1. Which pairs do you get when a residue that is in contact (Cβ under 8 Å) with a residue 60 or more places away in the chain and over 20 Å from S14 (Cβ atoms), found in segment 32-54, comes within reach of a residue that is among the hydrophobic types (A, V, I, L, M, F, W, C) and assigned to a loop (DSSP other than H, G, I, E, B), reach meaning Cβ atoms under 8 angstrom, with the pair 6+ apart or on two chains?
2. Which of the helices (runs of 4 or more DSSP H) found entirely inside the chain contain at least 1 residues meeting this: at pLDDT 90 or above, surrounded by 10 or more Cβ atoms within 10 Å (Cβ to Cβ) and not acidic (D, E)?
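The values are calculated or read from the model by the stated rules, or taken from the named source; none is laboratory data. Here the structure is a predicted model, which is why all the values come from computation and not from measurement. Here the Cβ is made from the backbone with ideal geometry for all residues, glycine too, and neighbour counts use every protein chain on show.
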Amino acid sequence: MESIFHEKWFNLNSLLTGPELISDTYLALFLAQLQQEGYSIFVVKGDLPDCEADQLLQMIRVQQMHRPKLIGEELAQLKEQRVHKQTWNEC
């Protein structure tokens, strides 16, 4: 898909701690995997109103340094860190 502005794709899975940036090359593979796993895929077509996020994405290059974690993963890691900290303090 070619246009004047480079398209940005995001995984807005509510189980993630935040949006996940998806590359153009990974998009088709990602959607095929979701479809195979039985997830619903919604497509929004038409002219959408301008928003501040779109304007910002057109001005700067976006690169995600870390993939957002699943909500449960983050909680599990926090609990694990607390256990290690308590164990370390008891020694």
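1. Taking only residues 6 or more apart or on different chains, not a single pair turns up.
2. Counting at least 1 such residues, we get 24-36.
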